[in-house]
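Novice: Below are the structure tokens for one structure; questions will follow.
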Amino acid sequence: MARILTGIQSTSVPHLGNILGAIQPAVALSNQPGNDAFLFIADMHSLTSIKDSGTRKKNTYAVAAAWLAFGLDTNKNTFYRQSDVPEVCELAWYLSCFTPYPMLANAHSFKDKSEHLADVNAGLFTYPVLMAADILLYDAEFVPVGKDQQQHIEMTRDMAGTFNHMYGDTFVIPDIKLEERVMTVPGTDGQKMSSSYNNFIDIFLPEKELRKQVMGIITDSKQLEEPKDPDNCAVFKLYTLLANEAQINEMQHNYTNGGYGYGHAKQALFELLMERFGDERTAFNNYMSNHLELDAQLQKGAEKASAVANEVLSRVRNKLFGG
């Protein structure tokens, strides 16, 4: 049995890019026979950017509701809120005492913002250490990531290897499960969909608001009767991520033949979103109106996670302070 671990920050309500690129693949992976999945909401990581506790709590519930709405089996897997297992903070401190400054200074998460150091807090600088603790605390064997997170996993492996070299076998050194074909989901402006770009589509919005988002996708100024290039249109690209082959071929034909406006394409995309995610939208809204159920699911996962965390932390303490 392979233990797999992945997390998602509670920085916003999961958007279409999160769902297609992270949530659905992770749920599918967790359902594979032989996999033991640890899936968590990284609410402590999100504290580096979101200071308002009410916003962070609301986002955490939204992330939990989205995972459950898309079919995560909390009986088979371990699904928890990061802050409900405070042992991760203790391990992060131990690891930080073995992590050289240049390693952290070279992390992309820090370097990308290092030109504006006034905006960099210590949490952002030590982000890779907490991430390493998230992984090593649960004896994770595989961590599925995209290329943008590969460096952090390599740092985790370095931290674990250094500790094991000094104190003997203590940590399981995780392997990177690199997602070479991570789905790139375009946002409403054609860039990669991201909450930080404010170009996302929130499939859980009420129907009228969701349609307004879809209708706001930026296109060129070609008129209805003109042929259009599907390969350079965010509407068409989004449609291809959700539609079947016949639907894609039909829309491609409409684009290249002319007489088909972007308004028609956006309406087709909106209807497809409503069709594809109707059950998930209902489930999400039910969960969001029942925070007690979400808390119960997360607490159940935290208890399972804590049992593993305490075993690993006991090994670390024994090595550092004696049994």
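Throughout, read-outs are computed from the coordinates displayed, never taken from laboratory work. Since this is a predicted model, take the numbers as computed values, not measurements. Note: ideal-geometry Cβ built from the backbone for every residue, glycine included; neighbour counts use all protein chains shown.
Novice: Take every DSSP beta bridge whose two residues both sit in the chain, then give the antiparallel share in percent to the nearest 5.
Specialist: 5
Novice: From the backbone phi of segment 269-276, what are the Karplus-calculated ³J(HN,Hα) couplings (6.51 cos²θ - 1.76 cosθ + 1.60, θ = phi - 60°) in whole Hz, Gly and Pro given as x?
Specialist: Result, rounded to whole Hz: 5, 4, 5, 5, 4, 5, 6, 5.
Novice: Place +1 on the Cβ of every Lys and Arg and -1 on the Cβ of every Asp and Glu in the chain, take the dipole about the Cα centre, and give the residue among Gly54, Leu273, Pro14 whose Cα lies farthest towards its positive end.
Specialist: The Cα lying farthest towards the positive end belongs to Gly54.
Novice: Against the globular-protein guess of 2.2 N^0.38 Å, express the Cα radius of gyration of segment 204-276 as a ratio, rounded to two decimals.
Specialist: Numbers: Rg = 11.8 Å, N = 73, 2.2 N^0.38 = 11.2 Å.
Against the compact-globule rule of thumb, the ratio is 1.05.
Novice: Here's another thing I want to ask about it. Show me the trypsin sites (Lys or Arg not before Pro) within segment 46-80 that DSSP assigns to loop and that have at most 12 other Cβ atoms within 10 Å of their Cβ.
Specialist: Loop-located and lightly packed - Lys51, Lys76.
Novice: Given H placed on each backbone N at 1.01 Å, which residues far from Met44 in sequence or on other chains put an amide H within less than 5 Å of it?
Specialist: Close amide H contacts, sequence-distant or interchain: Gln82, Ser83.
Novice: Can you run phi through the Karplus equation (6.51, -1.76, 1.60; θ = phi - 60°) for segment 297-311 and list ³J(HN,Hα) in whole Hz, with x for Gly and Pro?
Specialist: 5, 5, 5, 4, x, 4, 5, 5, 5, 4, 4, 5, 4, 5, 5
Novice: Is the shape of segment 231-323 rounded, prolate or oblate, going by the alpha carbon gyration tensor and its root eigenvalues a ≥ b ≥ c, with a/c under 1.5 for rounded and a/b larger than b/c for prolate?
Specialist: Here segment 231-323 falls in the prolate category.
Novice: Further, regarding this structure: Order these peptides, 292-298, 23-29, 219-225, by their mean beta-carbon neighbour count within 10 angstrom, highest first.
Specialist: Numbers: 292-298: 15.6, 23-29: 17.7, 219-225: 11.1.
So the order, starting with the most tightly packed, is 23-29, 292-298, 219-225.
Novice: On to the next question. Placing +1 at every Lys and Arg Cβ and -1 at every Asp and Glu Cβ, with all other atoms neutral, what dipole size does the chain have around its Cα centre, in debye to the nearest 20?
Specialist: Working: 28 positive and 39 negative charges, 95 e Å.
That gives a dipole near 460 debye.
Novice: Something else about it: How high is the relative contact order of the chain, in percent, with contacts defined as C-alpha pairs under 8 Å that are six or more residues apart?
Specialist: Taking the mean separation of contacting Cα pairs over the length of the chain, I get 22 percent.
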